[in-house]
Amino acid sequence: MESLFLLKLNKIINCNSRLSSSRVKPSIISRIRYLLNHYWLGSKLLYQNYKSVQEIRKKDVNSLTRIDKIGFEQFRYDIRVGGPFVLLFSIPIIGYSAPIIALIAPKYLPSTLIMPKQKVKFLKDDASSSSLIIDSLIEFSQRKYNYENIHGIISIMEFINQVSNSSDRFKEIISSIPLYSSLFNKYVSLSSIDRKYLLRIHKSVLHSSFIADYMLTNYSIENDIEKWEYRILIDDKQLKQLTNFDKLSQYELVLSLYNRGLYLHLNDMGKVLEYQQINNLYKFEKKKFDILNEIIEIDENIINDWKELLYKWIQIHDKLSKSNRISTSFLVHIGALLSKE
């Protein structure tokens, strides 16, 4: 069993579609054992996170670190989504459908139960949605091109073209505040865009799955995005207190970008998220699996690009928050422009 599990682990780390030693496709029984072990480790990790959260609760609110707050919010989310799943699993007969739901909509599992390779898939899917946001804006502008808003729409599209063609997108974007943020708020508000467009934004910044299309109303989606903007603003202020971003681990840096809907050097972002999940899941097994690495090698230039992107985002968001009217619509659109490779 231990030998088989080592082979499966090598499959995950090396991103290989076959077992690294035998090159033989694993049997159905082997896959089932792997899945059961994965969910067992994920459950142990969830319980470990529960104990960590209890320690966080004992701290004074003013003494909580950014990592404490991130861990606390993640655990709250895991319990919120994990509760219904566990309840369904406990219902006789119907409970057999829980594993099927886990395969169909893994995004709605607690984060500790998500497989490492699924983390990469989620990242790429969300980045794909982000890449279509500007296309959605262009389509929206063509449909809303009428006498009442013609001047505002033309100005917005000129701004988009100017930023897209600029050699310094950050400078173009930050100099456009508050003028263009007000135009976005007036002519491209979240409440005025169609559902498909709105869902792309929601998926990009809040990483929702296809189920959101069936479960959430437009108002709920808008409300989620507005709440996201407020949470990120608070997190921005905490990051600004750092003298530099060198104190952030690779995972903290990538997670900070991902939580803001910023995607740059996607494959490397995926590696960081995947390895972090592997290390989290198998830290209980380190005596058996010494091959795990705490840190993966990422090119220094890529890390510097991530730091620069995060810094620019915080600068833009800070200036935007100090303007007369905060435009969440402007923020989600410039995120797609700013991080485009």
- Item | Farthest toward positive dipole pole in region 127-338 [+1 Lys/Arg, -1 Asp/Glu at C-beta], among Phe140, Ser220, Leu257 | Ser220
- In whole percent, what relative contact order does region 127-338 give with Cα contacts below 8 Å and a gap of six or more residues? 34
- Query: Which FRET efficiency value, to the nearest 0.05, do you get for Ser52 and Tyr230 by plugging their Cβ-Cβ distance into 1/(1 + (r/R0)^6) with R0 = 30 Å?
  - Reply: 0.75
- Of Lys121/Lys271; Lys227/Lys322; Lys117/Lys227, which ones are farther than 20 Å apart at the Cα? Lys117/Lys227
- In terms of the Cα gyration tensor, with a ≥ b ≥ c the square roots of its eigenvalues, is region 202-264 rounded because a/c is under 1.5, prolate because a/b exceeds b/c, or oblate? oblate
- Determine the gain in length on full extension of the stretch Ser220-Gln238; use 0.36 nm per residue of separation and subtract their C-alpha separation, reporting nm with one decimal. 3.7 nm
- Taking other Cβ within 10 Å of each residue's Cβ, how do Arg260, Arg200 sort, fewest first? Arg200, Arg260
- Message: Tell me whether region 127-338 comes out rounded, prolate or oblate; compute the Cα gyration tensor, take square roots of the eigenvalues as a ≥ b ≥ c, and use a/c under 1.5 as the rounded threshold.
- Response: prolate
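No lab work stands behind these numbers, since they all come straight from the coordinates. Here the structure is a predicted model, which means the values were calculated and not measured. Virtual Cβ from ideal backbone geometry, glycine too; neighbours counted across all protein chains shown.
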